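To keep things clear, I will list the structure first and then write my remarks on it.
The values are calculated or read from the model by the stated rules, or taken from the named source; none is laboratory data. Everything quoted here is computed from the prediction, not taken from an experiment. Ideal geometry is used to build each Cβ from the backbone, glycine not excepted, and the neighbour counts take in all protein chains shown. For accessibility, only protein heavy atoms count, side chains too; no ligands or nucleic acids. Shrake-Rupley method; radii C 1.70, N 1.55, O 1.52, S 1.80 Å.
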Amino acid sequence: MLTAPATAPRERATSEHRIAADLAVRAHLVELIGQGVAVTLVTPSGTTLSARLIHEDTTARELRFEPLGDAAALHRLGEAEEAVVVAYLASIKLQFDLIGLRVCDGELVACYPRELFRFQRRNAFRVRTEPPPQLAAKFGQLQPILTGGPELLLGDPAVPASRRRLRVLDLSHGGLSLLLPAPDPTLALGTRIPAASLELTPSLPIHIALRVVRSEALSGPDGPRRLGCEMEGLSGVAARTLQRWIDEWQVQAKVMAG
């Protein structure tokens, strides 16, 4: 079952992540506008809206967002007292609070943030789970970890018809990318997947929760998409299993390449 987040996604922030200088805050906001990045807005009650930041005004001290979601979610955001914005720029995650939310001419308007938080992503090694073409012939049956590739199993275990598998394109300790064969509104930006099975190998599944943080069309609006997902609340056992798998994949790939 896929759900909207129950609470706003707040990553643990320290003083080293905090950006409060006006010029630095504005520089990041201008970059979001320039790249047309889709961001996720989440209220404390769990309302989620995908949007694009389209205007920042330091004189009026306001931001304007173009909604990408449904009108009902936009209306609920406009009535909320506050929201958290989560955005991604390459390997950087940006997060900041919004207050003074209101809807104006179909856009969401909010007060200019006094500060934002910048997190470096992908500190852990990230592996591409498809063998490079020049190595594909070498893999054969040497290592199950390299012959297939991880898959994500979605759906209710008690309802076989609801189960489906998605190919994992790359994987790290904190997130993964999935190949979605066609657009699916149930896996839209901001969607939380509270329970899924990440099958590192057919005999090595780990249970994880995910949040969709990126959605990229690979060949036209109706074609396959790459979904970027962030892992949430990984248990100690699952984290260690995943890290061992990544370490082994890294070693085996180097051996095969040599």
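A few notes on this one:
- For the range 1-36, the set of residues classified as modelled with pLDDT under 80 and of a type in the set (A, V, I, L, M, F, W, C) consists of 1, 2, 4, 6, 8, 13, listed by residue number.
- None of 102, 76, 61 is at positive phi and of a type outside the set (S, T, N, Q) except 61.
- In the range 79-91, the residue that is modelled with the lowest pLDDT out of those that are of a type in the set (A, V, I, L, M, F, W, C) and within 15 Å of residue 33 (Cα to Cα) is 90.
- Scanning the range 50-78 for residues that are open to solvent by 70 Å² or more (accessible area, probe 1.4 Å), in contact (Cβ under 8 Å) with a residue 12 or more places away in the chain and more than 18 Å from residue 32 (Cα to Cα) yields a total of 2.
- A count restricted to the range 172-211 and to residues that are in contact with a helix residue (DSSP H, G or I) (Cβ under 7 Å, 6 or more places away or on another chain) and closer than 11 Å to residue 151 by Cβ stands at 2.
- Residue 45 being hydroxyl-bearing (Ser, Thr, Tyr), farther than 17 Å from residue 115 by Cβ and either part of a loop (DSSP other than H, G, I, E, B) or modelled with pLDDT of 85 or more (or both): yes
- Which listed residue, of 194, 202, is within 28 Å of residue 95 (Cβ to Cβ) and not basic (Lys, Arg): 194
- Complete set of residues in the range 79-102 that are of a type in the set (A, V, I, L, M, F, W, C) and open to solvent by less than 40 Å² (accessible area, probe 1.4 Å): 80, 83, 84, 85, 86, 87, 89, 92, 94, 96, 98, 101
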